[in-house]
Each structure stands twice: as structure tokens, then as C-alpha cells.
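Shown below is the structure under consideration.
The values are calculated or read from the model by the stated rules, or taken from the named source; none is laboratory data. From a predicted model like this one, the values you see are computed outputs, not experimental measurements. Reconstructed Cβ throughout: ideal geometry from the backbone, glycine too, with neighbour counts over all protein chains shown.
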Amino acid sequence: MELDDITGAVVDAAVRIHRTIGPGLLESLYESVLACELGQRGLRAERQRLISFSYNGIDIEDAFRADVIVEECVIVEVKSQERLASVHSKQVLTYLRLMNLRVGLLLNFGGETMKEGVKRVVNNYTASSSSLLRVNQKR
């Protein structure tokens, strides 16, 4: 499965969850339900993985927790806020760089609809031309 297919499945699952459950609940609930939904779709989704990295030759153990990692290649940061701040997408980009991953999704379940709550963040990645997913991309 290609990265764009995986991110498409994650966004589809998030939209379905938001339509079913609605906004305004705890991030941990959305994170849990998202991981279950992705598992039902045949995707491996790991929650709250502790991430370590090296800085200037020093190993930093358990530096941060990734909300959800899908298929070992997509990081998903889950929020449940009225609106996102610009620092949230920068946070995802930092996670991508530290983990040496190419694509992350910032999902905010706090809004009225998921349309304004999906932000795709990339780290040196160009989407495949066949992708059906075109979230937050210039056309």
C-alpha cells in the first residue's frame, strides 16, 4: 500500500468517526477509536509509541509520544480543539524529521466538520500522481 493510500484511509476513517461521534470529546477517545477503525481496515496502527532520537551524539530516550503511527510510515497527531494553531503543523513536521518519516496527518476532531480539521504535513515527499487524496494541496 502506498503512502497516499494509507493517508487516504486515515482521513476517510477520521471523517467517518467525526460524523458518527461528533466533535468536542477527549483526544484520547478519538485516538483510540481511530486506531480501532484503522485496524478493522487491515492497517497496523500503534498508539502512544515512545520515540527516542539522537542529538549531537547524545541518545535521548522516550523524548516524545507519537499519538498514532500507521503502517510504520505515517504519523498521526490527534487534536480536539476549536481551532488549530500554526505550531501544531510545525509539531508534526518536527516529529517527521526526528523519526525520518515523510508524511504526517494532523487531525482536529474539535471542529464542526473534519474538512477544516485535516492537515497533511510532508517532509521531503512528493505525492504520487495517481493519488485520490488531495488534502491541503494546491491544485
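ILE17 fails exactly one of the following numbered conditions: (1) assigned to a loop (DSSP other than H, G, I, E, B); (2) touching an Asp or Glu at 6+ places or on another chain (Cβ under 8 Å); (3) under 18 Å from THR113 (Cα atoms). What is the number of that condition?
Unmet for ILE17, out of (1) assigned to a loop (DSSP other than H, G, I, E, B); (2) touching an Asp or Glu at 6+ places or on another chain (Cβ under 8 Å); (3) under 18 Å from THR113 (Cα atoms): (1).
How many of the residues in the stretch 93-114 are in contact with a helix residue (DSSP H, G or I) (Cβ under 8 Å, 6 or more places away or on another chain) and of a type in the set (D, E, K, R)?
Residues flagged as in contact with a helix residue (DSSP H, G or I) (Cβ under 8 Å, 6 or more places away or on another chain) and of a type in the set (D, E, K, R) within the stretch 93-114 amount to 1.
Of the residues that sit in the stretch 93-118 and are touching a Lys or Arg at 6+ places or on another chain (Cβ under 9 Å) and assigned to a loop (DSSP other than H, G, I, E, B), which one is surrounded by the fewest Cβ atoms within 10 Å (Cβ to Cβ)?
THR113
Inside the stretch 13-32, can you point out the residues that are surrounded by 14 or more Cβ atoms within 10 Å (Cβ to Cβ) and of a type in the set (D, E, K, R)?
Selection gives ARG16, GLU27, GLU31.
Continuing with the same structure: Given GLU72, GLU77, which one is among the charged types (D, E, K, R) and either more than 20 Å from GLU2 (Cβ to Cβ) or surrounded by 20 or more Cβ atoms within 10 Å (Cβ to Cβ) (or both)?
Of GLU72, GLU77, the one residue that is among the charged types (D, E, K, R) and either more than 20 Å from GLU2 (Cβ to Cβ) or surrounded by 20 or more Cβ atoms within 10 Å (Cβ to Cβ) (or both) is GLU77.
What residue, of GLU77, GLU71, GLU116, is at pLDDT 95 or above and more than 10 Å from the chain's Cα centre (by Cα)? Full working, then the answer.
Values: GLU77 fails: more than 10 Å from the chain's Cα centre (by Cα); GLU116 fails: at pLDDT 95 or above.
So the residue among GLU77, GLU71, GLU116 that is at pLDDT 95 or above and more than 10 Å from the chain's Cα centre (by Cα) is GLU71.
Given ALA63, ALA35, which one is buried (at least 20 other Cβ atoms within 10 Å of the Cβ) and of a type in the set (Gly, Ala, Ser)?
Only one candidate passes the filter, namely ALA35.
If you don't mind, another one. Output the residues belonging to the stretch 50-96 that are polar (S, T, N, Q) and free of Cβ contacts under 8 Å to residues at least 24 places away in the same chain.
Answer for the stretch 50-96, where residues must be polar (S, T, N, Q) and free of Cβ contacts under 8 Å to residues at least 24 places away in the same chain: SER52, SER54, ASN56, SER86, GLN91, THR94.
Something else: So which pairs qualify, if the first residue must be in the stretch 27-43 and in contact (Cβ under 8 Å) with a residue 12 or more places away in the chain and aromatic (Phe, Trp, Tyr), the second must be buried (at least 22 other Cβ atoms within 10 Å of the Cβ) and part of a loop (DSSP other than H, G, I, E, B), the Cβ gap must be under 8 Å, and the two must be at least 6 apart or on different chains?
Matching pairs, first to second residue: TYR30/PHE109.
Which of (1) farther than 23 Å from ASP4 by Cβ; (2) in contact (Cβ under 8 Å) with a residue 24 or more places away in the chain; (3) not in a loop (DSSP other than H, G, I, E, B); (4) not acidic (Asp, Glu) is the odd one out, the single condition GLY24 does not satisfy?
So GLY24 meets the others, but not (3).
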